[in-house]
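Scroll down for the structure; my scribbles are underneath it.
The values are calculated or read from the model by the stated rules, or taken from the named source; none is laboratory data. Quantities reported herein were computed from a predicted structural model and do not represent experimental measurements. Every residue, glycine as well, gets a Cβ built from its backbone with ideal geometry; the counts of neighbours run over all protein chains shown. In case anyone asks, the SASA skips ligands and DNA or RNA and just uses the protein heavy atoms, side chains included. Shrake-Rupley method; radii C 1.70, N 1.55, O 1.52, S 1.80 Å.
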Amino acid sequence: MTALLVEREVWLNETLFRAVIHGAFVTQLPATEAQTRPFLVTNRLVLSIAVPMTLAYVTTPLLGIVGTVVIGQLGNAALLGGLAAGAIVFDVVFTSFNFLRSGTTGLTAQAMGRGDILGEKTAFWHAFVIAVASGVGLALLGPLIALGGIAFMGADPGVAEAMSTYIRVRMVGAPLALINYAVLGYVLGRGEGALGLLLQVILNSTNVGLCILFALELHWGVAGVAWASVAGEALAAAVGLSILAIRFATSHRLPRSRLLDRAALTRMFSLNRDIMIRSFLLLAAFALFTRQGAQLGTSTLAANAVLMNFFLVAGYFLDGFANAAEQIAGRAIGAHSREAFDRGVSLTTIWGFALAGLTATVFLVVGSDLIGLVTTEPVIRQEAREDLVWAALTALSGVLAFQMDGVFIGATWSRDMRNMMALSFVIYVGLLFGLGATFGNDGLWAALHLFLILRGASLLAVLPARRRSAFGA
């Protein structure tokens, strides 16, 4: 039985495994139809992407918690410090390659909107090649990255040794980690949130289980935590690539001319460059916030670190709806459907604000108790509780930035996203130093809120013109 003989109603009654394997044939339209017939955007469609990915993202902090708890059982502060510092370096390096996920999502979604199966495959294979090449380069540079991280952190010998071990081992798995970015980007571009959740659960659950086995049972320590992460990446990559291989084998073969198409490659590199610049500026914004907090004293620095967890958790929730915005906006651009685009922007933003409001309310109600769980130091607890409102409300001030980022990534309007980030960052730096000098830590938090609002508002201001350019008046 071939995919062309399977009716949509029959497919909906198949098993989840069959849905995952043959997902390439679901909701595809011939190119001529995809250019003229809009697709239906409903709350169900939005939630089918957002909810699974939200569940996937909220499991991510669990990895850091388990690693910290496991190493904490060894009773060596240097190992714990080395693990934390190494994880920071690893996260900074790999955040720079997040474009492999987001860029692939936008290009795949647009190809899906056009009904261009070969275009979807092209987007994935371009990302895959970049992932392998970049990953091998990072693996080879692992020792140098470790040395650079140690020099930047200025840690004592015990911490430096543990940090070096963690980074060098994690960098061995760099190609696998980046391949998973490409696979997830393709999956989300097709709106297959359930498959995305499955892959993330495989990665995270393998990581957690092997972390306990390697670090505690086999006494590998920090190296065990790192090798557990590599193993998780390897299994997730193997499962993801196997599913795509089966899927691609039952569709049209990708001609070499499509794979080597210069225009498509140029577009991908341009998109990836803009997203990378945007990511660097976002990292710089949070680094400056941390630095300025440190100027106000150790207790303020620690209190802000505790409170930033509220924003990070809110971000994990909001990212799910941003993913939905990416897929629907990109698909609408590919299908030339202004109605679907407008509906997608509207629904994902409404859901985003609803979730942000709920998140902020929960943090305001139970935030004080959560602070008590995170730290036992009375001074830090008191200072964090004084600024709890600032942290709790970041979900509301940041929701539009998340949603607009999703829309612009899906539509591949990366230049506007890069430019508005740069503009917001320049204004933010002035606000951070000015308000911080005048109002202390309250000024720093106010600057951060204004930065988040500026990011969303500036993209929203650009949106009408870009929409006209894409769909006409």
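Structure summary
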| quantity | calculated |
| --- | --- |
| Residue count, the stretch 443-473 (criterion: charged (D, E, K, R) and touching an Asp or Glu at 6+ places or on another chain (Cβ under 7 Å)) | 1 |
| Test: residue in the stretch 116-127 that is hydroxyl-bearing (Ser, Thr, Tyr) and within 30 Å of His336 (Cα to Cα) | yes |
| Test: residue in the stretch 324-341 that is open to solvent by 50 Å² or more (accessible area, probe 1.4 Å) and part of a helix (DSSP H, G or I) | yes |
| Output for the stretch 211-265, where each listed residue is at pLDDT 85 or above and among the polar types (S, T, N, Q) | Ser229, Ser242 |
| Selection within the stretch 232-252 - free of Cβ contacts under 8 Å to residues at least 40 places away in the same chain and either open to solvent by 30 Å² or more (accessible area, probe 1.4 Å) or over 22 Å from the mean Cα position of the chain (by Cα) (or both) | Leu235, Ala238, Ser242, Ala245, Ala249 |
| Residues being of a type outside the set (A, V, I, L, M), open to solvent by 40 Å² or more (accessible area, probe 1.4 Å) and under 22 Å from Val426 (Cα atoms) - total across the stretch 277-316 | 5 |
| Test: residue in the stretch 370-378 that is crowded, with 24+ Cβ neighbours inside 10 Å, assigned to a helix (DSSP H, G or I) and touching a residue at least 24 places away in the same chain (Cβ under 8 Å) | no |
| Tally of residues being open to solvent by less than 80 Å² (accessible area, probe 1.4 Å) and not acidic (Asp, Glu) across the stretch 380-389 | 4 |
| Hits in the stretch 104-162 - residues which are over 23 Å from the mean Cα position of the chain (by Cα) and among the β-branched types (Val, Ile, Thr) | Ile117, Ile150, Val159 |
| Candidates Thr361, Thr375, Thr300 - the one that is touching a helix residue (DSSP H, G or I) at 6+ places or on another chain (Cβ under 7 Å), at pLDDT 85 or above and of a type in the set (Ser, Thr, Tyr) | Thr300 |
| Residues satisfying the stated conditions in the stretch 399-432, i.e. closer than 30 Å to Val365 by Cα and either of a type in the set (A, V, I, L, M, F, W, C) or surrounded by 24 or more Cβ atoms within 10 Å (Cβ to Cβ) (or both) | Val399, Leu400, Ala401, Phe402, Gln403, Met404, Asp405, Gly406, Leu431, Leu432 |
| Test result for Thr54, within 17 Å of the chain's Cα centre (by Cα), polar (S, T, N, Q), at pLDDT 75 or above and open to solvent by less than 20 Å² (accessible area, probe 1.4 Å) | yes |
| The lone exception for Leu432 - which of (1) within 21 Å of the chain's Cα centre (by Cα); (2) at negative phi it fails | (1) |
| Selection from the stretch 453-473 of residues that are free of Cβ contacts under 8 Å to residues at least 40 places away in the same chain and within 25 Å of the chain's Cα centre (by Cα) | Leu454, Ser458, Ala461 |
| Pairs, first hydroxyl-bearing (Ser, Thr, Tyr) in the stretch 44-61, second open to solvent by 50 Å² or more (accessible area, probe 1.4 Å) and in a helix (DSSP H, G or I), C-beta under 6 Å, six or more apart | Thr54/Phe317; Tyr57/Tyr316; Tyr57/Asp319 |
| Long-range neighbours under 8 Å by Cβ, at least six apart or interchain, first residue within 10 Å of Leu318 (Cα to Cα) and in contact (Cβ under 8 Å) with a residue 60 or more places away in the chain within the stretch 348-360, second surrounded by fewer than 21 Cβ atoms within 10 Å (Cβ to Cβ) and not β-branched (Val, Ile, Thr) | Trp351/Asn43; Trp351/Leu47 |
| Set Ala411, Ala401: member being under 23 Å from the mean Cα position of the chain (by Cα) and at pLDDT 95 or above | Ala401 |
| Qualifying positions in the stretch 169-183 - within 12 Å of Phe97 (Cβ to Cβ) and open to solvent by 10 Å² or more (accessible area, probe 1.4 Å) | Pro175, Ile179, Asn180, Tyr181 |
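Per-residue answers, yes or no, for (1) farther than 17 Å from Gly315 by Cβ; (2) in contact (Cβ under 8 Å) with a residue 24 or more places away in the chain; (3) out of contact with any Leu (no Cβ under 8 Å at 6 or more places or on another chain); (4) among the β-branched types (Val, Ile, Thr):
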{"site": "Phe363", "(1), (2), (3), (4)": "no, yes, no, no"}
{"site": "Leu396", "(1), (2), (3), (4)": "no, yes, yes, no"}
{"site": "Gly410", "(1), (2), (3), (4)": "yes, yes, yes, no"}
{"site": "Ala422", "(1), (2), (3), (4)": "yes, yes, no, no"}
{"site": "Thr438", "(1), (2), (3), (4)": "yes, no, yes, yes"}
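So that you can scan it fast, the table gives a plain yes or no per residue for (1) at pLDDT 85 or above; (2) surrounded by fewer than 23 Cβ atoms within 10 Å (Cβ to Cβ); (3) not in a helix (DSSP H, G or I):
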site: Leu79; (1), (2), (3): no, no, no
site: Phe97; (1), (2), (3): yes, yes, yes
site: Thr104; (1), (2), (3): yes, no, no
site: Gly119; (1), (2), (3): yes, yes, no
site: Thr122; (1), (2), (3): yes, no, no
site: Trp125; (1), (2), (3): yes, yes, no
site: Phe128; (1), (2), (3): yes, yes, no
site: Gly137; (1), (2), (3): yes, yes, no
site: Pro143; (1), (2), (3): yes, yes, no
